[in-house]
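To keep things clear, I will list the structure first and then write my remarks on it.
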Amino acid sequence: KNELTLNIDKIYLQTDQITSMAAQFAYDVFLSFRGEDNRYTFTEHLFHDLESAGIRTFKDTETTTGESISTELVKAMKGSRISIIVFSINYVTSRWCLDELQEILEKKMKIGHQIIPIFYHVAPRDLLKETGHIADELAKHLYEESKVKVEGWRAALEAFGGLEKEGMVYPGAAFGSERNFIKAIITDAKAKVITHKREEQKMSMTTARKTATPAVDVEEPNYDVFLHFGGKEIPKFIESLFEALVNAGFRTFQGGSDLQRAENSNLKLEEAMRRSRRSLIFFSRDDDYSMWCLDLLLKILEEKRTKRHVVLPVFYYLTPSEVSTQKGRFQYDFHETYPRRFEEDTVESWRVALKEAAALAGMDNSNVADYRNEQEFIKTIIEEISSKLILEETKAAEDAEPSSIKLDALIYYPNKPPDRNKYTRRVQEVRGGKVVEEKYLQGEEVVAEFHY
């Protein structure tokens with residue numbers, strides 16, 4: 001009872017600290033833009049996609065102009081984790097926009113506020129060198145504003161004009177379409193918001209440690225993602241995924257069969273898993289799932305049940321049903337090798353674990369396994385983790401409770417599945433009046449499989 005009370009106190013201490021820190025920010029992103037240029041076009045699309053990605057965004061809805069920036073806008077900007085500035089052709093004609101720019105620059109200089117400069121049909125060098133119409137517009141402002149104020153605007157424009165490497169330029173060969181350009185902005189914004197929230201948590205945990213009694217041990221995860229896998233060929237894929245996760249800002253631990261065979265390493269892997277926020281379990285047609293791999297799978301699922309550890313199974317060139325029923329690559333091991341080498345109870349516990357992991361698959365029409373190559377598959381995994389992480393952290397901050405987000409499993413097929421209308425047969429499994437499994441066939445070949 002005392003231990004349970006201690007754990008509950010620990011949870012409340014952590015969540016109170018996180019909530020206090022998160023309460024400073026009403027928004028993830030403050031969007032600065034020139035309304036007459038793109039309020040109902042580019043900016044509207046960007047705003048919609050940010051919100052759809054779970055990134056709370058402030059966008060001024062007023063279409064009227066004013067003499068200076070309103071106190072509401074200043075408050076929204078200061079209450080945002082990062083800022084996105086859309087520099088467009090008429091941005092410098094607005095005193096309102098230039099005031100916003102100064103406020104954002106001041107916040108950047110004081111506390112290192114993260115900014116994504118977007119150069120939309122303008123060149124960064126135009127701001128840096130004050131070329132063309134920018135110089136003309138600044139000269140016009142001198143008729144209505146003091147020289148000191150205009151010089152402040154000029155300095156802000158010059159500062160942001162020097163951030164070409166930190167910003168994004170459109171049009172540009174790197175993005176192609178405007179749709180791709182917006183997707184790139186969303187990816188960058190997600191990474192920066194996640195990094196900011198992670199720093200908030202670190203600061204909260206540091207404060208919690210300072211204020212906690214010696215009996216309360218407040219721990220924070222060492223890793224965002226724990227990669228669990230076995231096999232001979234999959235490490236090449238894991239290396240690419242690991243690199244992509246790290247580049248996206250995720251603290252990632254890479255486990256595997258080779259590491260598990262080292263002395264005492266299984267204990268280290270288990271500790272790394274327990275100190276991770278979520279585990280990615282990879283099942284491959286070439287899996288060499290050893291005793292170490294299967295025992296660690298048991299530990300991961302135990303952590304999921306007892307501590308709401310988030311688990312995402314990823315099926316690589318095989319389906320969840322093959323894992324659940326131990327068919328294909330698993331069949332020989334579970335019907336021949338393991339029964340001879342291990343106790344019956346041990347083998348049965350592994351069977352149950354594989355069935356439980358396979359049952360985590362929650363495929364639906366929003367995440368159909370439709371990947372043309374491995375890089376596209378990796379990109380989808382990164383996007384899935386990013387979006388769920390933002391939702392998870394937002395819910396934890398708003399509810400002041402630990403949250404558990406169920407991640408759908410992802411299935412990788414070597415070839416793009418054909419259009420559903422061309423499937424020759426569909427087979428459904430119904431339990432309790434609900435469809436739990438759906439297979440699409442061409443002849444006798446299963447070309448796509450979904451679990452709900």
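Computed values, structure above
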| item | result |
| --- | --- |
| Filtered residues of the range 96-109 (kept if open to solvent by less than 10 Å² (accessible area, probe 1.4 Å) and basic (Lys, Arg)) | none |
| Search result, residues across the range 274-320 that are among the small types (Gly, Ala, Ser) and more than 20 Å from TYR338 (Cα to Cα) | SER276, SER279 |
| Those helices (runs of 4 or more DSSP H) lying entirely in the range 307-408 with at least 3 residues modelled with pLDDT under 80 and within 16 Å of the chain's Cα centre (by Cα) | 374-399 |
| Identity of the residue in the range 110-129, surrounded by fewer than 19 Cβ atoms within 10 Å (Cβ to Cβ) and of a type in the set (D, E, K, R), that ends up farthest from the chain's Cα centre (by Cα) | LYS129 |
| Matching residues in the range 247-298 - criterion: being at pLDDT below 75 and acidic (Asp, Glu) | ASP258, GLU263, ASP286, ASP287, ASP288 |
| Only one of GLU158, GLU151, GLU144, GLU164 that is free of Cβ contacts under 8 Å to residues at least 60 places away in the same chain, open to solvent by 50 Å² or more (accessible area, probe 1.4 Å) and closer than 22 Å to ARG81 by Cα | GLU164 |
| Options ALA244, ALA208, ALA191, ALA215; residue that is part of a helix (DSSP H, G or I), at pLDDT below 80 and aliphatic (A, V, I, L, M) | ALA208 |
| Where THR15 falls short, out of the listed (1) open to solvent by less than 30 Å² (accessible area, probe 1.4 Å); (2) at pLDDT 75 or above; (3) not in a loop (DSSP other than H, G, I, E, B) | (2) |
| Within the range 167-185, tally of residues that are open to solvent by less than 40 Å² (accessible area, probe 1.4 Å) and within 15 Å of PHE87 (Cβ to Cβ) | 6 |
| Boolean, GLU239 is modelled with pLDDT under 75 and surrounded by fewer than 21 Cβ atoms within 10 Å (Cβ to Cβ) | no |
| Residues of the range 74-95 satisfying the condition of being open to solvent by 20 Å² or more (accessible area, probe 1.4 Å) and in contact with a helix residue (DSSP H, G or I) (Cβ under 9 Å, 6 or more places away or on another chain) | VAL74, LYS78, ILE89, ASN90, THR93, ARG95 |
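The values are calculated or read from the model by the stated rules, or taken from the named source; none is laboratory data. This structure is a prediction, so every number in the text was calculated from the model and none was measured. For neighbour counting, all protein chains shown are included, and Cβ atoms are generated from backbone atoms with ideal geometry for every residue, glycine included. Ligands, DNA and RNA are stripped out before the accessible areas are found, and what is left, the full protein with its side chains, is counted by its heavy atoms. Shrake-Rupley method; radii C 1.70, N 1.55, O 1.52, S 1.80 Å.
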